[in-house]
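What follows is a single structure, written as structure tokens, with notes after it.
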Amino acid sequence: MKLFLDTAELSEIETAVGWGVIDGVTTNPSLIAKAGQDHETQVKRICGLVGNVSAECVTDKRDDLVVEGRRIAKWHPNVIVKVPLTPDGIAAGKVLASEGIRINVTLCFSVNQALLAAAIGAWCVSPFVGRLDDINEDGIRLIRDIVDAFRAGGVTTKVLSASIRHPLHVSQSALAGADIGTMPFKVLESMFKHPLTDKGLAQFAADYKKSQETRAAKS
Ligand code: E4P
């Protein structure tokens with residue numbers, strides 16, 4: 001599973017790019033608002049740091065979405081245009097995909113919705129794991145079901161596990177077969193953490209220091 005960051009904060013993206021572990025970034029209007037920057041300017045900055053940057057349309061009618069999607073796609077070759085999983089969003093996505101624009105169909109909460117994204121040749125579909133868990137439904141189960149349905153039908157649209165809230169969502173998404181998992185920076189950072197890594201490191205450092213001291217005392 002490829003790892004994406006779900007953020008519009010440049011410092012977080014720069015840090016993760018420095019680690020060499022991310023293949024893309026997803027943004028949405030809430031994340032852009034949180035960063036306090038102009039949408040186009042910030043997406044272009046992010047595209048300068050990493051490939052595969054999802055930028056979301058904010059209009060809701062088919063024709064407006066087509067115009068907006070074309071405009072966003074021109075911002076940078078790394079851009080993937082996000083359209084909502086509505087009849088207008090899907091219809092606009094179909095037009096944009098037929099023009100060679102990569103589409104991320106967002107706000108997906110069912111297998112049937114994912115099949116609609118696949119039907120228009122979307123680059124990826126984004127099922128929202130955390131928001132399903134929030135309403136006592138099984139978000140990871142949805143990832144597994146969409147992956148199974150896509151495999152059964154030979155669908156090439158990628159499954160992007162979105163709305164990841166904690167490290168367990170990451171490993172569960174990968175085990176469920178998601179192609180991509182997008183997560184907040186703090187979740188990516190938490191993937192490094194294991195108490196036995198810290199304990200082992202402290203032990204190695206202590207043993208090394210002790211051996212150096214012993215050698216120095218003998219010479
Ligand atoms: C990504 O494309 C989504 O917009 C994002 O993962 C939503 O996450 P949230 O449910 O934590 O807002």
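Only lysines eight or more places from K193 in sequence, or on another chain, were considered; those with a Cα closer than 21 Å are K2. Considering only alpha-carbon pairs that sit under 8 angstrom and 6 or more positions apart, the relative contact order computed for the chain is 16 percent. Annotation for L201 and K74: the two label points, set 7 Å from Cα along the Cα-Cβ direction, are 4.8 nm apart.
Calculated FRET efficiency, R215 to R141, Cβ-Cβ distance, R0 = 45 Å: about 0.20 to the nearest 0.05.
The slack between D63 and S110, meaning 0.36 nm per residue of separation minus the straight C-alpha distance, is 14.4 nm. Here the spin labels are modelled as points 7 Å beyond Cα on the Cα-Cβ line, and at R151 and K193 they lie 3.2 nm apart. Ranking of V66, V21 by solvent-accessible surface, largest first: V21, V66 (1.4 Å probe, protein heavy atoms only, all chains present). Counting only protein heavy atoms and a 1.4 Å probe, the chain has 51 square angstrom of accessible area per residue.
Taking a ≥ b ≥ c as the square roots of the eigenvalues of the alpha-carbon gyration tensor, the chain is classed prolate because a/c is 1.5 or more and a/b outweighs b/c. Sorting V155, V170 by accessible area puts them as V155, V170; the probe is 1.4 Å, largest comes first, and only protein heavy atoms count.
Positive end of the dipole of segment 1-71 (Cβ unit charges, origin at the Cα centre): among G20, V67, T41, the Cα lying farthest that way belongs to V67.
The mean sequence distance of close C-alpha pairs (under 8 Å, at least 6 residues apart), as a share of the length of segment 153-219, puts its relative contact order at 27 percent. Accessible surface of H76, taken over heavy atoms with a 1.4 Å probe and every protein chain present, rounds to 50 Å². Only protein heavy atoms count here; under a 1.4 Å probe, R165 has an accessible surface of about 100 Å².
On segment 48-177, 53 percent of the accessible area sits on carbon and sulfur atoms, based on a 1.4 Å probe.
The values are calculated or read from the model by the stated rules, or taken from the named source; none is laboratory data. Because the structure is predicted, anything quoted here is derived from the model rather than measured. So basically every Cβ, Gly included, is an ideal-geometry build from the backbone, and we count neighbours across all protein chains shown. Keep in mind that these areas ignore ligands, DNA and RNA; they rest on the heavy atoms of the full protein, side chains included. Shrake-Rupley method; radii C 1.70, N 1.55, O 1.52, S 1.80 Å.
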